[in-house]
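What follows is a single structure, written as structure tokens, with notes after it.
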There are 2 protein chains.
Amino acid sequence: MKKTGKSPLNEILREAGFRATPGKIAILEALFKADQPLTIAEISKKLKNNLDQTTLYRTIQSFVEEKIARALNFNDRSIRYESLIDAPHHHHVICKKCNYVEDVDICGANLEKLALVKSKSFKAIESHAVELFGTCNNCLKKN
Amino acid sequence: MKKTGKSPLNEILREAGFRATPGKIAILEALFKADQPLTIAEISKKLKNNLDQTTLYRTIQSFVEEKIARALNFNDRSIRYESLIDAPHHHHVICKKCNYVEDVDICGANLEKLALVKSKSFKAIESHAVELFGTCNNCLKKN
DNA sequence: CTACCTGCAAACGGTTTGCATTGCC
DNA sequence: GGCAATGCAAACCGTTTGCAGGTAG
């Protein structure tokens, strides 16, 4: 699924099989502009609660299905979503104190090969997720 | 039947500050014997639903707090728990079809160093999680 | 014009809380 | 005997479903 770096959001929506409604554009824009993955509640807040919760849930779900967004969770209960538009493969560093998330351009692909050697039950490994946990500089200062 | 490298389960419970009640022993045993991380529902089933759900939730939570178990989630909605007793550092390969989980003895620690170089907002990274996704040999056969 | 999208209300299900009772140490 | 642990019932809250009306293409 390739996206040019320049298609406006409504075009991206149509390519993904959606109608470019104000609601869908607003949600996609919120995800796209966000500097880190957002929860449903955070998206809702960014849209000033102008959008019905139901619509939000349904839209996000359809975005994930059509792979213009993806769901993430960092070992807490909340699910976060990030835009996949113009998003190269990357992983995340998460602050244990404040939950700040930074994208990092590192890749654990060689771990896939390593795991194939060690694994008894898998001869096919197709993808991987890596999350790193630490304390962000802001929180380090506060202590 | 697995054996702990040191104390029996009731001793481990007491060391962690708990009373060695039948319920707690049963839950810890279920986690310890399981060959893969379990959801609350799966634990409940293994205990033949003899244990109140409330107790189960509260107990698991206390286990996680006292670090004799840990919570995991593999990008779906369900949270899974695994025993930390005699558990060396490891990661997981998850089958995308059937959710089978295998532990793999690989480590992404060097990714932490790599991320420290690339990151703008972190000078401290303390831990990491790696999940690999593939198709298990059983599911490969079925196709 | 029609199929998709939206909003409202209600249902749903996993999880949590309050409280009285039980039982480990 | 004291305090943690348990079970039950009810509350809680994020999420989903059904349906009627609205809107993009």
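Looking only at other chains, what is the average number of their beta-carbon atoms within 10 angstrom of each beta-carbon in A:107-114?
Counting Cβ atoms of other protein chains within 10 Å of each residue's Cβ and averaging gives 5.
Have a look at B:K24, B:K118, B:K33 and tell me which one the Gaussian network model of chain B (Cα, springs below 10 Å) gives the largest fluctuation.
Ranking B:K24, B:K118, B:K33 by mean-square fluctuation puts B:K118 first.
For segment B:1-87, what is the relative contact order in percent, using Cα pairs closer than 8 Å and at least 6 residues apart in sequence?
29
Rounding to the nearest 10 and keeping the result within 0 to 90°, find how far the Cα-based axis of helix B:22-33 lies from the longest principal axis of chain B.
40
How big a patch of accessible area, both sides summed and in Å² to the nearest 100, lies buried between A and B at a 1.4 Å probe? Please report the intermediate quantities before stating the final value.
Working: alone 9960 and 9910 Å², together 16220 Å².
Answer for the A-B pair: about 3700 Å² buried.
Across peptide A:85-97, how many C-beta atoms of other chains are within 10 Å of each residue C-beta, on average?
Working: counts 0, 0, 0, 0, 0, 1, 5, 1, 10, 3, 3, 3, 0.
Mean shielding by partner chains, rounded to a whole number: 2.
I'd like the accessible area for B:R70: 1.4 Å probe, protein heavy atoms, all chains in place, Å² to the nearest 10.
Using a 1.4 Å probe on the heavy atoms, I get roughly 70 Å².
Under 5 Å between amide hydrogens, which residues at least 5 positions from B:C136 or on another chain qualify, with H placed 1.01 Å from N in the peptide plane?
Close amide H contacts, sequence-distant or interchain: B:K96, B:K97, B:C98.
Output the 0 to 90 degree angle, nearest 10, between the alpha-carbon long axis of helix A:53-65 and the longest principal axis computed from the alpha carbons of chain A.
So the helix axis and the longest Cα principal axis differ by about 50 degrees.
Determine the shielding of peptide B:67-76 by partner chains: average, over its residues, the number of Cβ atoms on other chains within 10 angstrom of each Cβ.
2
Can you give me the C-alpha center-to-center distance between segment B:22-73 and segment B:99-143, rounded to a whole angstrom?
25
B:T39 accessible area, nearest 10 Å², 1.4 Å probe?
Here the residue's solvent-accessible area equals roughly 20 Å².
What number, in percent, do you get for the relative contact order of segment B:31-143 if the mean sequence gap of Cα pairs under 8 Å and at least 6 apart is divided by its residue count?
In percent, rounded to a whole number, it is 23.
At 7 Å along the Cα-to-beta-carbon direction for both B:N50 and B:R14, put a label point, then send me their distance in nm to one decimal.
2.2
In whole Hz, with x marking every Gly and Pro, tabulate ³J(HN,Hα) for segment A:116-128 from phi via Karplus 6.51 cos²θ - 1.76 cosθ + 1.60, θ = phi - 60°.
Each residue's phi maps through the Karplus curve to give 4, 5, 7, 6, 8, 9, 10, 10, 9, 10, 10, 8, 8 Hz.
Suppose every Lys and Arg Cβ carries +1 and every Asp and Glu Cβ carries -1, with no other charges. What dipole size does segment B:1-87 come out with about its Cα centre, to the nearest 20 debye?
About 160 debye.
Can you list residues whose amide H is under 5 Å from B:S121's amide H, if they're 5+ apart or on another chain and H is modeled 1.01 Å from N?
Amide H to amide H, under 5 Å and 5 or more residues apart or across chains, B:S121 pairs with nothing.
Report ³J(HN,Hα) in whole Hz for each residue of segment A:100-108, in order, from the Karplus equation J = 6.51 cos²θ - 1.76 cosθ + 1.60 where θ = phi - 60°; Gly and Pro get x.
With coefficients 6.51, -1.76 and 1.60, one gets 4, 10, 10, 6, 10, 8, 10, 9, x Hz.
Can you give me the accessible area per residue for chain A, using a 1.4 Å probe, in Å²?
Ligands and nucleic acids excluded, the figure is 57 Å² per residue.
Can you give me the solvent accessible area of B:Y81 with a 1.4 Å probe, rounded to the nearest 10 Å²?
20
Residue by residue through segment B:12-19, what is 3J(HN,Hα) from phi via Karplus (6.51 cos²θ - 1.76 cosθ + 1.60, θ = phi - 60°)? Round to whole Hz and write x for glycine and proline.
Result, rounded to whole Hz: 4, 4, 5, 4, 7, x, 9, 8.
The values are calculated or read from the model by the stated rules, or taken from the named source; none is laboratory data. Here the structure is a predicted model, which is why all the values come from computation and not from measurement. Cβ coordinates were reconstructed from backbone atoms using ideal geometry, including for glycine residues, and neighbour counts include every protein chain displayed. Accessible surface areas use protein heavy atoms only, side chains included; no ligands, DNA or RNA. Shrake-Rupley method; radii C 1.70, N 1.55, O 1.52, S 1.80 Å.
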